[in-house]
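Here's the structure, in structure tokens; my notes come after.
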Amino acid sequence: MGTDHERLRAELLRLELALAQRRPGDLPGGYEGVVHSSYRETGASGRSWTREAILEMLERAAPSDVEIDAFAIEKVAAGVILATYDTAGARPARRASIWVRAGDRWQVRFHQGTPL
């Protein structure tokens with residue numbers, strides 16, 4: 001695991017944290033630029049989310065002070081990365097996201113949260 005891996009890990013951690021903390025200004029292109037057009041999510045509540053529903057929720061959501069622990073990435077295929085981590089706070093969860101390379105940016109394609 002060289003410096004390229006660590007650079008990619010840092011970039012995806014920054015994106016995940018900006019999404020989790022509801023900071024669209026820290027995302028290239030805001031929420032719309034980072035959430036893939038075919039995005040799907042199974043939330044920690046068990047609810048399923050589409051891209052349209054998650055974008056609407058994110059736009060209304062207040063900033064959060066959620067923290068990310070144990071962040072790890074694994075290459076699944078060329079331009080496809082699995083990110084796994086835990087979140088602390090009012091609703092701790094174990095989370096996984098699939099990120100895909102779309103042109104010059106990373107976009108989250110799938111996300112799942114499991115309550116801890």
Q: For the range 1-21, name all the residues that are over 16 Å from ILE81 (Cβ atoms) and crowded, with 17+ Cβ neighbours inside 10 Å.
A: ALA18, ALA20
Q. Which condition number does THR50 fail, the rest of (1) without any contact (Cβ under 8 Å) to a residue 40 or more places away in the chain; (2) of a type in the set (Ser, Thr, Tyr); (3) surrounded by 15 or more Cβ atoms within 10 Å (Cβ to Cβ) being met?
A. (3)
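Sort out which residues of the range 11-47 are outside any loop (DSSP other than H, G, I, E, B), among the hydrophobic types (A, V, I, L, M, F, W, C) and within 17 Å of ARG95 (Cα to Cα), and write them in order of number.
Hits for the range 11-47 are LEU12, LEU13, LEU15, LEU17, ALA18, LEU19, ALA20, VAL35.
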**Q.** Odd one out for TYR39 among (1) exposed (fewer than 14 other Cβ atoms within 10 Å of the Cβ); (2) hydroxyl-bearing (Ser, Thr, Tyr); (3) at pLDDT 95 or above
**A.** (1)
Q: Output the number of the condition that ASP65 fails; it satisfies all remaining conditions of (1) surrounded by 14 or more Cβ atoms within 10 Å (Cβ to Cβ); (2) more than 15 Å from VAL108 (Cα to Cα); (3) not small (Gly, Ala, Ser).
A: (1)
Q: Could you list, in sequence order, all residues of the range 59-79 that are in contact (Cβ under 8 Å) with a residue 24 or more places away in the chain, in contact with a strand residue (DSSP E or B) (Cβ under 8 Å, 6 or more places away or on another chain) and not in a loop (DSSP other than H, G, I, E, B)?
A: ILE68, PHE71, ALA72, ILE73
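The values are calculated or read from the model by the stated rules, or taken from the named source; none is laboratory data. Here the structure is a predicted model, which means the values were calculated and not measured. FYI the Cβ positions are ideal-geometry reconstructions off the backbone, even for glycines, and counts take in every protein chain you see.
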